[in-house]
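The values are calculated or read from the model by the stated rules, or taken from the named source; none is laboratory data. Bear in mind that the values here come from a model prediction, so they are computed numbers and not experimental data. In this analysis, Cβ positions are derived from the backbone assuming ideal geometry, glycine residues included, and neighbour counts consider all displayed protein chains.
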Amino acid sequence: MDYVKAFIVGGGICVIGQILIDKTKLTSARILVLFVVLGCLLGGLGWYDKLIDFAGAGASVPLPGFGNTLAKGVMAEVDARGFAGALTGGLKSAAGGITAAIVFAFLAAVIFSPKEK
Amino acid sequence: MAKREIVKSDKDYDKLVKEASPNSPIVKNCIKAFIGGGIICCIGQFLMNVLSSYGLVTEERNMAVSVILIGIASLLTGLGWYSKIGRFAGAGSVVPITGFSNSVTAPAIEFKKEGFVMGLGAKIFTVAGPVILYGTLTSIFVGIVYYFVR
């Protein structure tokens, strides 16, 4: 059952992105920015966690889930350190994902060459 | 005057493009995005379930799922397969965290030939940079608001 929920909610979030691409000519980079910002705001309100509780990876794997991680991180850090936490919490929580992306991308760039399209 | 002519021909070109494009493939695109995105999320769910059975707690587990998906997507991008997935799934391949990984890896590979510092190094954040910038700004906003209302 958790796979069905993950599929439907995750697929649904992607459909929203597809509609935005087809209807508004937003580039995929803008979609990524928009989704992370939206996820962060929804996370700040505590709403996105409810979606994750329901859909699991269906909500945490799409990019709003990344935004939600930023929001949760910053709120936990504010709880722990006070006002200064607002500055450090977001990137701290995202550090794992960002660093992984950098490391794997660098390795891939060293190993692979551009493919013909 | 030359400028006006260019603008005019741009408009004409837009019109031509619109006429030549197949009529509203949006439903088809959405179905493909749904399937592609759904499958990627199910792979994420599978990883989540496996890692849970090894006793990882929620936050470590979710981070591990992200890191594994990011690694797989980097590899597929390097092999040139992720763009094939993208051609089928559209937003279904862009919106999941794998799309973020692809957006970091693809320019890194593409611009390696322009050098490791100003090529790979500068272009690696072409898409991820804006995402991290606005994500971070939003998180600061959330943090400040949270500080005052919690």
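Table for the structure above
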read-out: From the options B:S83, B:S52, residue that is more than 7 Å from every other protein chain (Cβ to nearest Cβ) and under 20 Å from A:V110 (Cβ atoms); value: B:S83
read-out: Region A:21-38: number of residues that are within 22 Å of A:I98 (Cα to Cα), facing chain B (nearest Cβ under 7 Å) and of a type in the set (A, V, I, L, M); value: 6
read-out: Residue count, region A:44-67 (criterion: farther than 19 Å from A:A101 by Cα and either at the interface with another protein chain (Cβ under 7 Å from one of its Cβ atoms) or in contact with a strand residue (DSSP E or B) (Cβ under 8 Å, 6 or more places away or on another chain) (or both)); value: 3
read-out: Failed condition for A:G56, given (1) more than 15 Å from the chain's Cα centre (by Cα); (2) buried (at least 16 other Cβ atoms within 10 Å of the Cβ); value: (1)
read-out: Verdict on B:G135 being on the phi > 0 side of the Ramachandran plot and facing another protein chain (nearest Cβ under 7 Å); value: no
read-out: Inter-residue pairs, beta-carbon under 7 Å, first surrounded by fewer than 18 Cβ atoms within 10 Å (Cβ to Cβ) and in region B:125-136, second part of a loop (DSSP other than H, G, I, E, B), 6+ apart; value: none
read-out: Among (1) at pLDDT 95 or above; (2) more than 8 Å from chain B (Cβ to nearest Cβ) - the single one A:Q18 does not satisfy; value: (2)
read-out: Odd one out for A:F35 among (1) surrounded by fewer than 23 Cβ atoms within 10 Å (Cβ to Cβ); (2) under 21 Å from B:I43 (Cβ atoms); value: (1)
